[in-house]
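Below you'll find the structure, written out as structure tokens, and then a few comments.
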């Protein structure tokens, strides 16, 4: 077992939990209006909130590129079928992202379509390997 990889994975899970919980408490809770997705217009954001919003916007792209690189590396591996579980995990995570965008924007942001197509293609790729 590779302890560094386990530690990195656990740390990323904890970062994700902290990010979601703290964001909900500090930013989105006061914008709820009784709905899951914040619906109230926020007051003018502070500089630190704009900076983290900007960083998270581009973080999503960077993490997506990382997942894309993993899919391409698996596709070129001598035995892609040995990575089927990893590809399924990427496909399910991408599907979850698609559903979040679909729900949050009521289907008005086309990003959910691209994420859904990528998830389906990844799933089909792992099942045909």
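If I filter region 32-50 for residues that are modelled with pLDDT of 90 or more and farther than 21 Å from residue 99 by Cα, do I get at least one hit?
no
Among (1) without any contact (Cβ under 8 Å) to a residue 24 or more places away in the chain; (2) surrounded by 12 or more Cβ atoms within 10 Å (Cβ to Cβ), where does residue 37 come up short?
Every condition holds for residue 37 apart from (1).
Inside region 86-119, can you point out the residues that are touching a helix residue (DSSP H, G or I) at 6+ places or on another chain (Cβ under 8 Å), in contact (Cβ under 8 Å) with a residue 24 or more places away in the chain and surrounded by fewer than 17 Cβ atoms within 10 Å (Cβ to Cβ)?
Within region 86-119, 88, 92, 93 qualify.
For region 83-129, give me each residue that is within 29 Å of residue 36 (Cα to Cα) and assigned to a loop (DSSP other than H, G, I, E, B).
Correct list: 106, 107, 108, 109, 110.
The values are calculated or read from the model by the stated rules, or taken from the named source; none is laboratory data. In this text the structure is predicted, and so the values were computed from the model without any measurement. Positions of Cβ are backbone-derived with ideal geometry, glycine not excepted, and every protein chain shown enters the neighbour counts.
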